[in-house]
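Only one structure is covered here, and it is reproduced in the block below.
The values are calculated or read from the model by the stated rules, or taken from the named source; none is laboratory data. Since this is a predicted model, take the numbers as computed values, not measurements. Cβ placement follows ideal geometry from the backbone for every residue including glycine, while neighbour counts extend to all protein chains displayed. In case anyone asks, the SASA skips ligands and DNA or RNA and just uses the protein heavy atoms, side chains included. Shrake-Rupley method; radii C 1.70, N 1.55, O 1.52, S 1.80 Å.
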Amino acid sequence: AFSLLATRDPQNLPEAEQLAEESVTSRSRAFGYDARATQNSRSLRARIWLAKGLLSENSGDPDTARGWFERAAAETDRIRFLRQDQEPGRRAISLQRHGEALACLRLADALPVLDDAIEIRGSELGQDHIFWAVSDCAKSLWWTYQRLGRPAEAEAGARRYQLTGDPRIWTPAVCPASP
């Protein structure tokens, strides 16, 4: 499911969602719905919902998009809560995923959440911009600033975290490719 989402091909979303649902179901039965083993599948499923919401938004259906975004934000918030006392890497990724969900809702609350994720990576894990996880989170932050209509701050973040390459590839994997 993760690989299908990473293709950014909208045609892969139904299969990705089906695989994620099957994973959530089987892991829930084996370990429990809130168990650590199930959280990764739930997080991935929420990211698929974000992709579906972005597709709905792009096709001119903001109400459906908002429904997907709200559903994903509730799920990522629950996972963030479940991981609040876990090791720093798991906390950081749950914050990043929740920040992406808030960004889809165009809520400025996404910014401090993403900042917290980067802060954990820097202060608790000793990572900087050369680590993939920091760069990935910085790209989510850049995209959030763009989504909130704050391009100057997005560019400042890109410089701060030394993002390289074409800015079109700085969007999170939840962003489907343009047709």
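Please identify the trypsin sites (Lys or Arg not before Pro) of segment 73-161 that satisfy two criteria: DSSP loop assignment and at most 16 other Cβ atoms within 10 Å. Which are they? Qualifying residues, ordered by number: ARG106. Ligands, DNA and RNA left out, the accessible area of segment 38-139 computed with a 1.4 Å probe is 50% carbon and sulfur. Computed on segment 80-149, the Cα convex hull volume stands at 68 Å³ per residue. Computed from point charges on the beta carbon alone (+1 for Lys and Arg, -1 for Asp and Glu), the dipole magnitude for the chain about its Cα centre is near 160 Debye.
For TRP132, what charge total do you get from the other residues with a beta carbon under 13 Å from its beta carbon, if Lys and Arg give +1 and Asp and Glu give -1?
Once positives and negatives cancel, what remains is 0.
Using the alpha-carbon positions of segment 125-179, Rg (one decimal) and Dmax (whole number) come out as 11.2, 39 Å.
Of the GluC sites (Glu not before Pro) found in segment 35-122, no site is in coil according to DSSP while having at most 11 other Cβ atoms within 10 Å of its Cβ. Placing +1 on the Cβ of each Lys and Arg and -1 on the Cβ of each Asp and Glu in the chain, which of ILE130, GLY99, ALA156 has its Cα farthest towards the positive end of the resulting dipole? Final value for the positive-end residue is ILE130. As a size descriptor, the averaged projected area of the C-alpha convex hull of the chain was calculated at 9.9 nm². Spatial offset of segment 50-108 relative to segment 111-179 amounts to 15 Å, using the alpha carbon center of each. Per residue, segment 1-111 exposes 47 Å² of accessible surface when a 1.4 Å probe is rolled over the protein heavy atoms with every protein chain present.
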